[in-house]
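The values are calculated or read from the model by the stated rules, or taken from the named source; none is laboratory data. Predicted model, so just to flag it, every value in this text is computed and none were measured. A quick note on method: Cβ atoms are made from the backbone with ideal geometry, for glycine too, and the neighbour counts reach across all protein chains shown.
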Amino acid sequence: MTGPGRGAPKKTQGQSEAEFTKAIIAFEKDYLGRGPLEARTFYLNDMILVRLRGILTPAEVKLAENREGQVLVKESRRQLFESCRPLLESIVRDVVGCDVISLHTDMSTKTGERVIVLTVDADLSKQFS
């Protein structure tokens, strides 16, 4: 971790958000089978908001053509994501230097977009001011 007292220059908020985005893209590729086509991270007070676009595989897009398939895709993705929570917590600690309090996520099978909201134990706006 970089920052005051560690001998390395302090990161800007934009640099940290970009680093977090890269880590989430790698996580999605390594553990969920495919990375997003587009990703962006925002720090808002004690929250980390991640928006991922283009997360569905071609097979998931085909499955999601009907309601039963949409439910199947969402549930399987939810279970995979939940099983990887310790990895997400590690990413937050490594990149931002704080702990996760709660994790919320949802995805759209219509748009292929996922939103992740992590609440953390620090006010990130104060870390980068």
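Going by the structure shown, is R40 closer than 23 Å to T119 by Cα and without any contact (Cβ under 8 Å) to a residue 60 or more places away in the chain? The answer is yes for R40. Since K74 meets every condition but one in (1) more than 15 Å from T109 (Cα to Cα); (2) over 15 Å from the mean Cα position of the chain (by Cα); (3) not polar (S, T, N, Q), which condition does it not meet? Here K74 meets the rest and fails (1).
Among the residues of region 48-60, some residue qualifies, meaning at least one is in a helix (DSSP H, G or I), in contact (Cβ under 8 Å) with a residue 12 or more places away in the chain and surrounded by 15 or more Cβ atoms within 10 Å (Cβ to Cβ). Output yes when any residue across region 119-129 is in contact with a Lys or Arg (Cβ under 9 Å, 6 or more places away or on another chain), crowded, with 19+ Cβ neighbours inside 10 Å, within 25 Å of G14 (Cα to Cα) and at pLDDT 95 or above, and no when none is. Scanning region 119-129 turns up no residue that is in contact with a Lys or Arg (Cβ under 9 Å, 6 or more places away or on another chain), crowded, with 19+ Cβ neighbours inside 10 Å, within 25 Å of G14 (Cα to Cα) and at pLDDT 95 or above. Would you check which residues across region 18-38 are within 14 Å of L88 (Cβ to Cβ), of a type outside the set (D, E) and surrounded by 15 or more Cβ atoms within 10 Å (Cβ to Cβ) and list them? Within region 18-38, F20, T21, A23, I24, I25, F27, L32 meet the criteria.
Of all residues in region 23-43 being farther than 16 Å from E60 by Cβ and among the aromatic types (F, W, Y), which is modelled with the lowest pLDDT? Step by step, filter region 23-43, then rank; the result is F27. Every condition in (1) of a type in the set (D, E); (2) out of contact with any Pro (no Cβ under 9 Å at 6 or more places or on another chain); (3) farther than 23 Å from D121 by Cβ is met by E28 except one, and the failing one is (2). Counting only residues that are part of a loop (DSSP other than H, G, I, E, B) and either in contact with a strand residue (DSSP E or B) (Cβ under 9 Å, 6 or more places away or on another chain) or modelled with pLDDT of 95 or more (or both), which one in region 10-22 is nearest to G112 (Cα to Cα)? In this case the residue turns out to be K11. Within region 76-100, the set of residues being hydrophobic (A, V, I, L, M, F, W, C) and either out of contact with any Phe, Trp or Tyr (no Cβ under 9 Å at 6 or more places or on another chain) or in a helix (DSSP H, G or I) (or both) comprises L80, F81, L87, L88, I91, V92, V95, V96, C98, V100.
Total residues in region 31-85 satisfying the condition of being under 25 Å from L124 (Cβ atoms) and of a type in the set (V, I, T): the figure is 4. The single condition among (1) of a type in the set (A, V, I, L, M, F, W, C); (2) more than 22 Å from L124 (Cα to Cα); (3) outside any strand (DSSP E or B) that M107 does not satisfy is (3).
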